Amino acid sequence: MEAMLPPPEDAAPSEPPVTLLRDAPDWYYLLREFEALYRHGSAGGSEPIRSHRAKVRNALSQILAANPAILPRPPAQKPVTAHFARTLDLGERGAMQGMARALREVRDRLHWEYGYEKMPKALARKYAYCEVLGPQGPVRSETLILGFVLFAPATTYPQHSHSGIEESYISIAGGWSENDTAVYAPGSLILNRPQHEHRITTGEQDPCLLAYAWIGDQTKLAQPGMKLTATRKARAARGI
Ligand SMILES: [Fe+2]
């Protein structure tokens, strides 16, 4: 009888090969669309917005030059993603068509999530976001988060703020308002500075898709601890 030999060294299980950004053209071109938005758009004469745009595009340029690894996340749907096809269709007909087309190419690889520990029931059916770059991947970065947030028609995204993080939203499809102060159409950018309380509402007829960028404190980017601000009624009930 033949003696059992240990398996040859090259038969040992090997690490799966790492894919780098340049070998993943769909993710790379999607990030190039973000870079174009933050490079060529207008700051509307606002110094804080000009500075935010510069921070985002500088961080992104460095990330693109470093050719980071892709850490694929399992695709995940949420109820609101039933509106995604319509959203892309609207986006491809409007001012943000380049971004909408690039997003279509990765649509089956997106990991849609809520981010909040406590999710109001009504919002769970009408909201979700997905990251395309950040500490969790799929494109790895510690210094910047880029992603998309999707809303069903007639959604109210309750009041919240972000500690240590500057946030900008750029409309890709649909109309929306923040703090009841204006209506934003595809191509508009809005800056929410750290701690700024904001509440979003979306149009009655169509879904709404916003691209977003988060830049700021790296520990906050790694663990943003998203929390909706308690309503006045809830605060009163808890005696705060
Ligand atoms: Fe926000």
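In this simple spin-label approximation, E142 and E117 carry label points 7 Å from Cα along the Cα→Cβ vector, and these lie 2.6 nm apart. Computed extension gain for Q159 through E105, at 0.36 nm per residue and net of the alpha carbon distance, reaches 16.2 nm.
Full extension of the chain segment joining V183 with D23 gains 53.7 nm, where the gain is 0.36 nm per residue of separation less the Cα-Cα distance.
Membrane-span-like helices in the chain: DSSP H runs reaching 24 Å or more (Cα, own axis), mean Kyte hydropathy at least 0.5?
Details: long enough: 47-66 (29 Å, -0.32).
Long hydrophobic helices here: none detected.
Each of C130, C208 has some number of other Cβ atoms within 10 Å of its Cβ, and from fewest to most they run C130, C208. Using C-alpha pairs below 8 Å separated by at least 6 residues, the relative contact order for the chain is 19 percent. Based on DSSP H segments of at least four residues, each scored -39500 (n - 2.57), the chain has a per-residue ellipticity at 222 nm of -8500 deg cm²/dmol. If the chain linking H196 and N67 were pulled fully straight, counting 0.36 nm for each residue of separation and taking away their Cα-Cα distance, it would gain 43.1 nm.
Exposure proxy shown here: for E92, E166, the number of other Cβ atoms within 10 Å sets the order, fewest to most, as E92, E166. Fewest-first ordering of H196, H83 by other beta carbons within 10 Å of each residue's beta carbon gives H196, H83.
Bear in mind these aren't lab numbers, they're just calculated from the coordinates by the rules spelled out. Predicted model only: the values in this text are computed from it and were never measured. Using ideal geometry, Cβ is built from the backbone for each residue, glycine included, and neighbour counts are taken over all protein chains shown.
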